[in-house]
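The values are calculated or read from the model by the stated rules, or taken from the named source; none is laboratory data. Bear in mind the structure is a predicted one, so any value in this text is a computation, not a measurement. Every residue, glycine as well, gets a Cβ built from its backbone with ideal geometry; the counts of neighbours run over all protein chains shown.
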Amino acid sequence: RSSPVRLLGPGDHARLGALLAAVPLPELLAAARAAVPYLPLHADRVPDTAALLDHLENRAAEPGLMPPLLQVVEEVAALRAGLREDLREWSSRVAARLRVRPGALEQVRSDATARADSRGAALPVLRVWLWERGRDAFSYVIRVYDGDDRPLPHTWSAVDTPRGHEELCAELADAVRILADQGENAGVEFLLEHGSFGLPFDRWPIPVPYLRPRLLGTDHVVVLRGQRQPSRGPWERRWGSLGSAASVVGDADTADELLGEDLDAALVVAACAPAEIDLVVRLCRHYGVPVVLWHRQGEGGATALLEIVGPDWRRSLREEVRRRRLKARGDERKLGAHLALLWEDPRWDPRTAGLAEPVPLN
């Protein structure tokens with residue numbers, strides 16, 4: 001034991017270890033990063049749960065405040081219904097013994113609950129890694145993931161030999177049918193390199209049995225992600241800013257200045273000219289902004305885009321964008337026909353897929 005002063009007695013320490021034994025270490029680390037984002041928690045330095053608890057227990061708090069260890073326990077309790085009662089009973093008892101200020105525990109518990117509610121239940125999702133290989137040519141990997149972010153045994157790929165748009169849409173049709181078989185789902189995520197965020201994936205025609213081809217984004221939520229994750233600290237901090245309103249930017253300079261000053265902005269509405277969009281998206285991802293909404297043709301203006309956002313955008317925005325796309329399915333002049341939505345929930349890290357950019361054969 002590295003520290004002579006411990007927050008916990010042997011009994012409390014053993015009880016907590018037993019309660020957390022069934023929680024995978026990656027889940028505990030994610031909970032810790034959400035609860036105490038200012039602490040350095042590197043997976044290579046925290047090899048197991050015992051090491052994580054030691055690391056947190058060594059982090060003292062000001063008298064009367066909630067120690068980081070208890071904040072993380074509350075985060076796990078909010079996420080794990082089966083452990084919630086026992087973990088909160090443990091946390092309340094230890095907080096009372098440590099003379100945590102009245103109201104401090106309740107505030108931490110409330111914040112943890114709000115973050116858990118914002119994540120919602122994890123749902124199956126279709127993820128499409130895509131690389132442009134010239135005019136009407138793509139390399140890609142398509143995978144269906146279950147609600148625990150485990151890939152199902154269904155993969156469609158064209159890595160070494162790029163394929164055309166029509167072939168890709170045919171395989172997407174097979175993939176979305178498999179996704180639909182999973183029940184309620186989170187739709188389709190396209191994982192892209194910079195330079196490809198302007199492609200109208202939501203308007204790609206997908207073959208449907210017994211009907212004409214339908215636009216992908218009318219029947220399914222379609223969002224964009226980067227293939228490389230943003231910096232995790234700012235990314236998680238912004239995602240945890242539950243009360244943040246949309247930040248409107250009109251060009252790259254405005255975005256750079258605003259995001260450099262506002263470290264909690266989680267949603268950017270990019271009311272920009274098309275030529276500015278790629279750089280604005282790059283800046284947003286550089287600063288760890290997880291959600292960006294824009295119009296691919298730069299029309300509509302900030303007011304029209306803000307009407308889409310709504311006050312509870314974490315729950316409603318993806319589905320509202322799909323509805324707008326549905327209403328615009330036959331009229332490209334409508335706002336919904338050209339909406340694009342970057343949505344990078346840090347619950348899942350693209351690096352876990354183990355994919356790198358393929359090099360096509362000549």
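Here is how the numbers come out for the structure above:
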quantity: Residue ranges of strands (runs of 3 or more DSSP E) in the stretch 243-358 with at least 2 members crowded, with 20+ Cβ neighbours inside 10 Å and in contact with a Lys or Arg (Cβ under 8 Å, 6 or more places away or on another chain); calculated: 339-343
quantity: The stretch 176-201 residues that are in the same structural domain as Leu224 (by TED's automatic domain parsing), paired with ones that are polar (S, T, N, Q) and surrounded by 14 or more Cβ atoms within 10 Å (Cβ to Cβ) (beta carbon under 8 Å, 6 or more apart); calculated: Leu179/Asn185; Leu191/Gln227; Leu192/Gln227; Glu193/Gln227
quantity: Qualifying residue in the stretch 115-128 (condition: more than 27 Å from Pro24 (Cα to Cα) and in a helix (DSSP H, G or I)); calculated: no
quantity: Pairs where the first residue, in the stretch 60-77, is free of Cβ contacts under 8 Å to residues at least 40 places away in the same chain and the second is charged (D, E, K, R), C-beta under 7 Å, 6+ apart; calculated: Leu65/Arg101; Pro68/Arg59; Glu74/Arg109; Ala77/Arg84; Ala77/Arg88
quantity: Strands (runs of 3 or more DSSP E) wholly inside the stretch 136-209 that include at least 2 residues being under 28 Å from Arg282 (Cβ atoms) and of a type in the set (Val, Ile, Thr); calculated: 138-145
quantity: Selected residue [surrounded by fewer than 16 Cβ atoms within 10 Å (Cβ to Cβ), assigned by TED's automatic domain parsing to the domain that holds Gly195, free of Cβ contacts under 8 Å to residues at least 24 places away in the same chain and over 25 Å from the mean Cα position of the chain (by Cα)] from Arg135, Arg150; calculated: Arg135
quantity: Residue match in the stretch 142-156 (condition: over 23 Å from Glu332 (Cβ atoms) and small (Gly, Ala, Ser)); calculated: yes
quantity: Listing of helices (runs of 4 or more DSSP H) fully contained in the stretch 28-104 that carry 2 or more residues being on the phi > 0 side of the Ramachandran plot and of a type in the set (Ser, Thr, Tyr); calculated: none
quantity: The stretch 78-119 - residue that is free of Cβ contacts under 8 Å to residues at least 24 places away in the same chain and aliphatic (A, V, I, L, M) and, of those, nearest to Pro63 (Cα to Cα); calculated: Ala96
quantity: Candidate set: the stretch 46-96, residues that are of a type in the set (Lys, Arg) and modelled with pLDDT under 90; chosen: the one surrounded by the most Cβ atoms within 10 Å (Cβ to Cβ); calculated: Arg80
